[in-house]
1. Among the candidates 120, 131, 101, single out the residue that is modelled with pLDDT under 80, surrounded by fewer than 20 Cβ atoms within 10 Å (Cβ to Cβ) and in a helix (DSSP H, G or I).
2. Among the numbered criteria (1) loosely packed, with under 13 Cβ neighbours inside 10 Å; (2) of a type in the set (Ser, Thr, Tyr); (3) modelled with pLDDT of 85 or more, which one does residue 25 miss?
3. Only residues that are surrounded by 14 or more Cβ atoms within 10 Å (Cβ to Cβ), more than 20 Å from residue 137 (Cα to Cα) and free of Cβ contacts under 8 Å to residues at least 40 places away in the same chain: list them for the stretch 160-182, please.
4. Considering the stretch 28-50 alone, what residues qualify as being assigned to a helix (DSSP H, G or I), surrounded by 13 or more Cβ atoms within 10 Å (Cβ to Cβ) and at pLDDT 85 or above?
5. Would it be correct to say that residue 91 is in the same structural domain as residue 73 (by TED's automatic domain parsing), among the hydroxyl-bearing types (Ser, Thr, Tyr), under 30 Å from residue 61 (Cβ atoms) and modelled with pLDDT of 85 or more?
6. Would a scan of the stretch 29-37 turn up a residue that is small (Gly, Ala, Ser) and out of contact with any Ser or Thr (no Cβ under 7 Å at 6 or more places or on another chain)?
7. Confirm whether residue 149 is out of contact with any strand residue (DSSP E or B) (no Cβ under 9 Å at 6 or more places or on another chain), outside any helix (DSSP H, G or I) and not aliphatic (A, V, I, L, M).
8. Restricting to the stretch 61-88, what's the tally of residues that are assigned to a helix (DSSP H, G or I), acidic (Asp, Glu) and farther than 19 Å from residue 29 by Cβ?
Amino acid sequence: MSTESRFAELKEREREARKQIIIESALSLFAKKPFYDVGMRDVADEAGVSPATLYRYFPSQEDLFIEAFLQDISAVSSNFKSMVKSDKPATIEAFALAYVDHLFQNESTFQMMTYLMLKDNLANPAMGKFDSVTKIFFDGFSELLERHGVTKDIRIYSHSFIASMTGIIMTFRNHPIKKKETIREHILRLTSITAELYRKELLN
């Protein structure tokens, strides 16, 4: 490898390392307060870079949110894949509980997800990346159904299932009950009941 090529490779590594620091700084801030209260200057300060540098890596706040969400979900996607691909695939209920509990326990991830779901006029590149992330769950549940022998209307059931699980969290996460654990128990109970309906419909 030529000196010029090694220098270019080193610069690219440095760029990726700096980008990673920015993403981790954003996730650190999201863990402390609602992500929509975190400004780009806040992230720049946390990462130790100037706002101008931050915008060179992430032209908009949405771009940063997408990358942070992508990284956070990708970190747990292997767990869902193993549930599907193991010699004895997970039950529909186990998959549902893992999905719902992860989003309930990781508030910033759920906030970013719902923001991106509801945002009007999301830029095409950002929407493409968001679709690639949500596809992890749609495809995961579709494959789970296939492993259990379901052959008909898999995609529509997958869309319905993931939307139902997400809707349970959205409906009850701000329930007036003050204790978070009580809310979590209620959400997981509803998740189990809903998953059982899918099991009876699809596997009986």
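1. On the way: 120 fails: in a helix (DSSP H, G or I); 101 fails: modelled with pLDDT under 80.
Exactly one residue qualifies, and that residue is 131.
2. (1)
3. Passing the criteria: only 172.
4. 28, 29, 40, 42, 43, 44, 45, 46, 47
5. Working: in the same structural domain as residue 73 (by TED's automatic domain parsing): yes; among the hydroxyl-bearing types (Ser, Thr, Tyr): yes; under 30 Å from residue 61 (Cβ atoms): no; modelled with pLDDT of 85 or more: yes.
Spelling it out, it is not the case that residue 91 is in the same structural domain as residue 73 (by TED's automatic domain parsing), among the hydroxyl-bearing types (Ser, Thr, Tyr), under 30 Å from residue 61 (Cβ atoms) and modelled with pLDDT of 85 or more.
6. Step one: of the stretch 29-37, the residues small (Gly, Ala, Ser) are 31.
Restricting the remaining residues to those that are out of contact with any Ser or Thr (no Cβ under 7 Å at 6 or more places or on another chain) gives none.
Among the residues of the stretch 29-37, not one is small (Gly, Ala, Ser) and out of contact with any Ser or Thr (no Cβ under 7 Å at 6 or more places or on another chain), which makes the answer no.
7. Details: out of contact with any strand residue (DSSP E or B) (no Cβ under 9 Å at 6 or more places or on another chain): yes; outside any helix (DSSP H, G or I): yes; not aliphatic (A, V, I, L, M): yes.
For residue 149, the condition - out of contact with any strand residue (DSSP E or B) (no Cβ under 9 Å at 6 or more places or on another chain), outside any helix (DSSP H, G or I) and not aliphatic (A, V, I, L, M) - is met.
8. 0
The values are calculated or read from the model by the stated rules, or taken from the named source; none is laboratory data. What you see is a predicted model, and the numbers here were worked out from it, not measured in a lab. Every residue, glycine among them, receives a Cβ derived from its backbone with ideal geometry; neighbour counts consider all protein chains shown.
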